[in-house]
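The structure appears right after this line, and notes come after that.
The values are calculated or read from the model by the stated rules, or taken from the named source; none is laboratory data. Everything quoted here is computed from the prediction, not taken from an experiment. Quick reminder, even Gly has a Cβ in these numbers, built from the backbone with ideal geometry, and neighbours come from all protein chains shown. Please note that ligands, DNA and RNA were not included when accessible areas were found on the heavy atoms of the full protein model with its side chains. Shrake-Rupley method; radii C 1.70, N 1.55, O 1.52, S 1.80 Å.
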Amino acid sequence: QVQLVESGGGLVQPGGRLRLSCVASGRLFNLYAMDWYRQAPGQERELVAGITSGAGTNYADSVKGRFTISRDNAKNTVYLQMDSLKPEDTAVYYCNANLGLASHWGQGTQVTVSS
């Protein structure tokens, strides 16, 4: 069983930056594809960025060029560096680990972009 714990959220002004972290417990972290999702109030959860076990990455069009996903398998951690933040980035951000049919979620961390 994989447990995920996100951290790094908070309140930031437009144009600011934050780095989210997601630490995974359990074994075989290096085999999991890791994704960051977000969910704003009244909206569906959407995929923000993903990184495969081979470190291939993909991004939602809305965050390309501003967000960077990375992973450190030695630390069982995936990161989401968020730069040039906009008010529309405000949401709860969730970490997801998936391998085959297995899918695990963290509890989420709030990101608020406001002046």
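Laid out as a table, the results:
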{"quantity": "Some residue of segment 27-36 being free of Cβ contacts under 8 Å to residues at least 60 places away in the same chain and of a type outside the set (Asp, Glu)", "calculated": "yes"}
{"quantity": "Filtered residue count, segment 22-57, keeping only those that are within 12 Å of the chain's Cα centre (by Cα) and open to solvent by less than 20 Å² (accessible area, probe 1.4 Å)", "calculated": "8"}
{"quantity": "Test: residue 65 is part of a loop (DSSP other than H, G, I, E, B), over 16 Å from residue 2 (Cβ atoms), open to solvent by 30 Å² or more (accessible area, probe 1.4 Å) and at pLDDT 95 or above", "calculated": "yes"}
{"quantity": "Residue selected from segment 1-15 under the condition part of a loop (DSSP other than H, G, I, E, B) and open to solvent by 20 Å² or more (accessible area, probe 1.4 Å), by the criterion modelled with the lowest pLDDT", "calculated": "1"}
{"quantity": "Output for segment 68-115, where each listed residue is aliphatic (A, V, I, L, M), open to solvent by 40 Å² or more (accessible area, probe 1.4 Å) and in a strand (DSSP E or B)", "calculated": "99"}
{"quantity": "Search result, residues across segment 32-61 that are among the polar types (S, T, N, Q) and either more than 22 Å from residue 72 (Cα to Cα) or not in a loop (DSSP other than H, G, I, E, B) (or both)", "calculated": "39, 43, 57, 58"}
